[in-house]
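Undergrad: Structure incoming, see below.
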Amino acid sequence: MEIPVASSTAARSEAAPTLVRGLTLLDSVLLLVGGIIGSSIFLTAKDIAGPLPHPVLFLLVWVLGGVISMCACFAFAELGSMFPDSGGQYVYLREAYGDLPAFLYGWMLFSVANGGSIAALAVGSAAYLGAIIPDISRQHVVLTVAGIVVTRAHVVALIMIAAVTWINVVGLRRGAVLQNVATWAKFGAMAAFVILGFAIGKGDWHHFTTPAWGTVNGLTMGMSSGQLLSVFGVALIAVFWAYDGWVYITWVAGEVKEPRRNVPLAMVLGVLIVGVVYVAINMTYVYALPLTEITKHETIAHAAAMALFSPAAAGWLSAMIAVCCFGAMASCILSAARVYYAMAVDGVFFRRMAEVHPKWRTPAFALIGQGAWAGILTLSGRYDQLYTYVMFGMVLSYTMTVIGLFVLRWKRPDIPRGYRCTGYPWLPAIYVLISGAWTLNTIFTRPREALAGTVIVLIGVPGYLYWKRSGQKAVKVGQ
């Protein structure tokens, strides 16, 4: 049974329709896992194997990435138990630092991060589907408008975005069921890839002990411990990208049953499951190919399937990746709209996005607005580049949120906490140091992208001032 709940981000009229707490613990775990596992696990191996050319290091960096992410999860889990509201991380930043930093985070999500993710995943799913259904191939141009080329893959991607958005508009349970089915299908496909790969695949166990070129006894020739740490940091860029998405469940916390218990539990269980899946998939890659070959392939999953099975496996693999991309897109669509809903309830975003549909009890306008913007980014073809610009800002937002736990322990010690951060203060402090160093390194090594990302975020300041002023005027008129 779905239990009505009003967001605590602002006072709501008793007569106004409210969101419902309809997501179980299982729904929450599947939402988080489905949101994390998209296309990156099938694409990042080359970037990781390059700087870490030994199987042990190659697999260890995935474990390390999961451990570092878990350090942040423990902090977020306590924050989630303190503020079990729609908006999640937006709410945590608002409570720790005030309205403007929280708004800029939400603006970054809407303008680029989430809109770009939805667009990229939809196009990726359509492109891999095109390997099975040739008529969807991206080479088929449907029309060209103002220099923008629209292919059949773009059309299919737009249909996916529209369909998933509509399913989420007409009910939380419908959206959750779609997400759950996509995630279970994803689990089944990846389990088949791993189990069949080791059971009947034409791999070689010697690949796990054979170093790539430039290594002796498992260590890179001429590389000091400091240099090894540095290349580990480079490899972690791709790993962090692959683990990104574990915050999704915080965004939809206002619709989770028993949120003070289930939100923290879903975060910890979800990241653990993803870590196991990632290590298993990468072990399959190493079993299929030596690291010298892994460093040569952008589409490592395709190359591994070819080596383990036969060229006929390519179609099956494309279907698996298409399902993974679709499931991650569905997870993002369901959860991300709740951030814009929370912003609108606070009076710092489009007012209509604060409305809950009276029949379906969903943030319908936030979902529709999100879908429309993701569709525009899909047609623009610039979503990947834009996301690269704000990637460092996303990690910075995680860092600031974990620091916010320390701030709120001091400012708001009275708030009930269904869960207290494991390893506090050491584990969250370790995450702050590692992610802070990674962010600074990104700024220094990729100043152009960092500057572009900063500009994108600051573009939202005039909007914040406008909505804030409009909200104050509305309050005065109401008085």
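The values are calculated or read from the model by the stated rules, or taken from the named source; none is laboratory data. Just so we're clear, the structure is a prediction, and the values are computed from it rather than from any experiment. In this analysis, Cβ positions are derived from the backbone assuming ideal geometry, glycine residues included, and neighbour counts consider all displayed protein chains. Keep in mind that these areas ignore ligands, DNA and RNA; they rest on the heavy atoms of the full protein, side chains included. Shrake-Rupley method; radii C 1.70, N 1.55, O 1.52, S 1.80 Å.
Okay, residues lined up against (1) touching a strand residue (DSSP E or B) at 6+ places or on another chain (Cβ under 6 Å); (2) open to solvent by less than 40 Å² (accessible area, probe 1.4 Å); (3) over 30 Å from R261 (Cα atoms):
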{"site": "L23", "(1), (2), (3)": "yes, yes, no"}
{"site": "L26", "(1), (2), (3)": "no, no, no"}
{"site": "L32", "(1), (2), (3)": "no, yes, no"}
{"site": "G38", "(1), (2), (3)": "no, yes, no"}
{"site": "I41", "(1), (2), (3)": "no, yes, no"}
{"site": "A45", "(1), (2), (3)": "no, yes, yes"}
{"site": "I48", "(1), (2), (3)": "no, yes, yes"}
{"site": "V56", "(1), (2), (3)": "no, no, yes"}
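Undergrad: Follow-up. So Y341 fits all but one of (1) touching a residue at least 60 places away in the same chain (Cβ under 8 Å); (2) open to solvent by 20 Å² or more (accessible area, probe 1.4 Å); (3) of a type in the set (F, W, Y); what number is the exception?
TA: Going through (1) touching a residue at least 60 places away in the same chain (Cβ under 8 Å); (2) open to solvent by 20 Å² or more (accessible area, probe 1.4 Å); (3) of a type in the set (F, W, Y) one by one, Y341 breaks only (2).
Undergrad: Separate question: Determine whether F83 is at pLDDT below 95, within 21 Å of the chain's Cα centre (by Cα) and open to solvent by 30 Å² or more (accessible area, probe 1.4 Å).
TA: Working: at pLDDT below 95: yes; within 21 Å of the chain's Cα centre (by Cα): yes; open to solvent by 30 Å² or more (accessible area, probe 1.4 Å): no.
So F83 fails the test.
Undergrad: Looking at segment 83-97, can you tell me whether even one residue there is among the hydrophobic types (A, V, I, L, M, F, W, C) and out of contact with any Ser or Thr (no Cβ under 9 Å at 6 or more places or on another chain)?
TA: Checked segment 83-97: no residue is among the hydrophobic types (A, V, I, L, M, F, W, C) and out of contact with any Ser or Thr (no Cβ under 9 Å at 6 or more places or on another chain).
Undergrad: Same structure, new question: Which of the residues that make up segment 162-177 are in a helix (DSSP H, G or I), over 11 Å from D27 (Cβ atoms) and not β-branched (V, I, T)?
TA: A162, A163, W166, N168, R174
Undergrad: Out of the residues in segment 285-329 that are part of a helix (DSSP H, G or I) and among the polar types (S, T, N, Q), state the one that is surrounded by the most Cβ atoms within 10 Å (Cβ to Cβ).
TA: Looking at the filtered set, the residue picked out is S318.
Undergrad: Among the candidates F406, F392, which residue alone is over 21 Å from M108 (Cβ atoms) and in a helix (DSSP H, G or I)?
TA: Residue meeting the stated conditions: F406.
Undergrad: I'm checking my understanding of the structure. Among residues of segment 330-361 that are in a loop (DSSP other than H, G, I, E, B) and touching a Phe, Trp or Tyr at 6+ places or on another chain (Cβ under 9 Å), which one is nearest to L109 (Cα to Cα)?
TA: Residues of segment 330-361 that are in a loop (DSSP other than H, G, I, E, B), as a first pass: 346-350, 355-361.
Now restrict to residues that are touching a Phe, Trp or Tyr at 6+ places or on another chain (Cβ under 9 Å): 346-350, 355-357.
Values: D346: 16, G347: 17, V348: 14, F349: 13, F350: 15, E355: 20, V356: 21, H357: 23 Å.
Per the stated criteria, the residue is F349.
Undergrad: How many residues are of a type outside the set (F, W, Y), part of a helix (DSSP H, G or I) and either surrounded by fewer than 24 Cβ atoms within 10 Å (Cβ to Cβ) or modelled with pLDDT under 90 (or both) when one looks only at segment 227-263?
TA: Number satisfying all stated conditions: 15.
Undergrad: Out of all the residues in segment 167-203, which are within 18 Å of S331 (Cα to Cα) and open to solvent by 70 Å² or more (accessible area, probe 1.4 Å)?
TA: R173, R174, V177, V181, W184
Undergrad: Go through segment 71-89 and count every residue that is of a type in the set (S, T, Y) and assigned to a helix (DSSP H, G or I).
TA: Result for segment 71-89: 1.
One line per residue, one yes/no per condition, for (1) touching a Lys or Arg at 6+ places or on another chain (Cβ under 6 Å); (2) modelled with pLDDT of 90 or more:
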residue	(1), (2)
I294	no, no
H302	no, no
W316	no, no
C324	yes, yes
A336	no, yes
H357	no, yes
L367	no, yes
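Undergrad: When both residues are 6+ apart or on different chains and their Cβ atoms are under 6 Å apart, which pairs have a first residue that lies in segment 21-38 and is part of a loop (DSSP other than H, G, I, E, B), and a second that is modelled with pLDDT of 90 or more and among the aliphatic types (A, V, I, L, M)?
TA: G22/L172; G38/L121; G38/A328
Undergrad: What's the number of the only condition in (1) at pLDDT 80 or above; (2) touching a Phe, Trp or Tyr at 6+ places or on another chain (Cβ under 9 Å); (3) of a type in the set (V, I, T) that I430 fails to meet?
TA: (2)
Undergrad: Next question, about the same structure. If you check F42, F110, F76, which single one turns out to be closer than 29 Å to G375 by Cβ, in contact with a Leu (Cβ under 9 Å, 6 or more places away or on another chain) and in contact (Cβ under 8 Å) with a residue 60 or more places away in the chain?
TA: From the options F42, F110, F76, the qualifying one is F42.
Undergrad: In this structure, does I68 turn out to be part of a helix (DSSP H, G or I), buried (at least 22 other Cβ atoms within 10 Å of the Cβ) and in contact (Cβ under 8 Å) with a residue 60 or more places away in the chain? Talk me through it step by step, then tell me what you get.
TA: Details: part of a helix (DSSP H, G or I): yes; buried (at least 22 other Cβ atoms within 10 Å of the Cβ): no; in contact (Cβ under 8 Å) with a residue 60 or more places away in the chain: yes.
So I68 fails the test.
Undergrad: I've got another one for you. Out of the residues in segment 112-136 that are of a type in the set (S, T, N, Q) and open to solvent by less than 10 Å² (accessible area, probe 1.4 Å), which is farthest from Y341 (Cα to Cα)? I'd like the intermediate steps shown before the answer.
TA: Taking segment 112-136 first, the residues of a type in the set (S, T, N, Q) are 114, 117, 125.
From what is left, the residues that are open to solvent by less than 10 Å² (accessible area, probe 1.4 Å) are 114, 125.
Details: N114: 14, S125: 27 Å.
Once the filter is applied, the top-ranked residue is S125.
Undergrad: I'm trying to understand the selection: among the residues of segment 293-325, which are of a type in the set (D, E) and over 28 Å from the mean Cα position of the chain (by Cα)?
TA: Within segment 293-325, just E293 meets the criteria.
To keep it simple, each residue is scored yes or no on (1) under 21 Å from the mean Cα position of the chain (by Cα); (2) surrounded by fewer than 16 Cβ atoms within 10 Å (Cβ to Cβ); (3) in a loop (DSSP other than H, G, I, E, B); (4) of a type in the set (K, R).
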| position | (1), (2), (3), (4) |
| --- | --- |
| G369 | yes, no, no, no |
| G375 | yes, no, no, no |
| L386 | yes, no, no, no |
| S397 | yes, no, no, no |
| R420 | no, yes, yes, yes |
| Y464 | no, no, no, no |
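Undergrad: Out of all the residues in segment 274-284, is one or more in a helix (DSSP H, G or I), under 24 Å from G175 (Cβ atoms) and modelled with pLDDT of 90 or more? Talk me through it step by step, then tell me what you get.
TA: Of segment 274-284, the ones in a helix (DSSP H, G or I) are 274-284.
Filter once more, so that each one left must be under 24 Å from G175 (Cβ atoms): 274, 277.
Applying the additional criterion that residues be modelled with pLDDT of 90 or more yields 274, 277.
Yes; the residues of segment 274-284 include at least one that is in a helix (DSSP H, G or I), under 24 Å from G175 (Cβ atoms) and modelled with pLDDT of 90 or more.
Undergrad: Assuming A354 fulfils every condition listed in (1) open to solvent by 10 Å² or more (accessible area, probe 1.4 Å); (2) touching a Pro at 6+ places or on another chain (Cβ under 6 Å) apart from one, which condition is it?
TA: All conditions are met except number (2).
Undergrad: Any idea how many residues of segment 90-107 are touching a residue at least 24 places away in the same chain (Cβ under 8 Å), surrounded by fewer than 23 Cβ atoms within 10 Å (Cβ to Cβ) and either of a type outside the set (A, V, I, L, M) or assigned to a loop (DSSP other than H, G, I, E, B) (or both)?
TA: Residues in segment 90-107 being touching a residue at least 24 places away in the same chain (Cβ under 8 Å), surrounded by fewer than 23 Cβ atoms within 10 Å (Cβ to Cβ) and either of a type outside the set (A, V, I, L, M) or assigned to a loop (DSSP other than H, G, I, E, B) (or both): 4 in total.
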